[in-house]
1. Can you name the residue in segment 1-21 that is in contact (Cβ under 8 Å) with a residue 40 or more places away in the chain and either touching an Asp or Glu at 6+ places or on another chain (Cβ under 8 Å) or not in a strand (DSSP E or B) (or both) and, of all such residues, is surrounded by the fewest Cβ atoms within 10 Å (Cβ to Cβ)?
2. Which condition number does GLY105 fail, the rest of (1) within 30 Å of TRP34 (Cα to Cα); (2) modelled with pLDDT of 95 or more being met?
3. Got a number for residues in segment 22-60 being in contact (Cβ under 8 Å) with a residue 40 or more places away in the chain, among the aliphatic types (A, V, I, L, M) and either in a loop (DSSP other than H, G, I, E, B) or in contact with a Leu (Cβ under 9 Å, 6 or more places away or on another chain) (or both)?
4. Of all residues in segment 61-89, count the ones that are without any contact (Cβ under 8 Å) to a residue 60 or more places away in the chain, out of contact with any helix residue (DSSP H, G or I) (no Cβ under 7 Å at 6 or more places or on another chain) and either among the aromatic types (Phe, Trp, Tyr) or assigned to a helix (DSSP H, G or I) (or both).
5. Please go through segment 108-147 and give me each residue that is loosely packed, with under 10 Cβ neighbours inside 10 Å, of a type outside the set (A, V, I, L, M) and at pLDDT 75 or above, ordered by number.
6. Considering (1) farther than 22 Å from PRO114 by Cβ; (2) buried (at least 18 other Cβ atoms within 10 Å of the Cβ), say which one CYS25 fails and leave the rest.
7. Look at LEU61 and say whether it is aliphatic (A, V, I, L, M) and either within 19 Å of THR21 (Cα to Cα) or in contact with a Gly (Cβ under 7 Å, 6 or more places away or on another chain) (or both).
8. Condition check: in contact (Cβ under 8 Å) with a residue 40 or more places away in the chain, surrounded by 11 or more Cβ atoms within 10 Å (Cβ to Cβ) and in a loop (DSSP other than H, G, I, E, B). Does VAL92 satisfy that?
Amino acid sequence: MDPQAPHILKQQNLANGMALTFYDCSRPVAADRWFVKVRAELSMALPERVWQGVAEEDQGLLAAVRECMGEAVVLQLVRERNFIDAAERESVIGELIEQVESNLGSYLADPAFPDRLFSRQYSELRQQCLLSRQVVSPAGDADEDEGPADFSHCFRD
């Protein structure tokens, strides 16, 4: 196992059906100094009933968004501190976890939060899929097929 690989610090299931997991992504930066990084991931599986509630006329677009989104909605929150003494590392990790729980805990546990998160991510991915459809390759320009432009009218006596 890679000592630099993130490992799970804490996991909990929220009342709204989402899972909150904290990862330690810290790494040493100098002799006894650490870059302390805690990543919190809030995830929710996407059952078929969620997709049935989506009102999308373009089924191709719905399929593209669904493919991009995958099987779950995931929100990542990162808290970090730099140049922390090795002796203080564990207490700083605890503080960062406590910050997320105290500042965002009630917001993340709100029963309406999963629907809002899904709606926001669906909207963002839908926009990205629409933009990727509109990208036109240079080979598709119609002007190149018509030949060179005629400028003979500019040179009349």
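The values are calculated or read from the model by the stated rules, or taken from the named source; none is laboratory data. Computed from a predicted structure; not experimentally measured. A quick note on method: Cβ atoms are made from the backbone with ideal geometry, for glycine too, and the neighbour counts reach across all protein chains shown.
1. If we filter segment 1-21 for residues that are in contact (Cβ under 8 Å) with a residue 40 or more places away in the chain, which is where we start, we get 9-10, 14-18, 20.
Checking which are either touching an Asp or Glu at 6+ places or on another chain (Cβ under 8 Å) or not in a strand (DSSP E or B) (or both) leaves us with 9, 14-18, 20.
Working: LEU9: 17, LEU14: 17, ALA15: 8, ASN16: 16, GLY17: 11, MET18: 22, LEU20: 21.
Per the stated criteria, the residue is ALA15.
2. Failed condition: (2).
3. The total comes to 7.
4. Taking segment 61-89 and keeping what is without any contact (Cβ under 8 Å) to a residue 60 or more places away in the chain, we get 62-63, 66-67, 69-88.
If we keep only those that are out of contact with any helix residue (DSSP H, G or I) (no Cβ under 7 Å at 6 or more places or on another chain) too, we end up with 62-63, 67, 70-72, 74, 76, 78, 80, 82-83, 85-88.
Now drop any that are not either among the aromatic types (Phe, Trp, Tyr) or assigned to a helix (DSSP H, G or I) (or both), which leaves 62-63, 67, 83, 86-88.
Qualifying residue count, segment 61-89: 7.
5. Step one: filter segment 108-147 for residues loosely packed, with under 10 Cβ neighbours inside 10 Å, giving 112, 131, 134-140, 142-143, 145-147.
Cutting the leftovers down to of a type outside the set (A, V, I, L, M) gives us 134, 137-138, 140, 143, 145-147.
Residue satisfying the conditions is GLN134 alone.
6. (2)
7. Values: aliphatic (A, V, I, L, M): yes; either within 19 Å of THR21 (Cα to Cα) or in contact with a Gly (Cβ under 7 Å, 6 or more places away or on another chain) (or both): no.
In short, no.
8. Values: in contact (Cβ under 8 Å) with a residue 40 or more places away in the chain: yes; surrounded by 11 or more Cβ atoms within 10 Å (Cβ to Cβ): yes; in a loop (DSSP other than H, G, I, E, B): no.
Criteria not met by VAL92.
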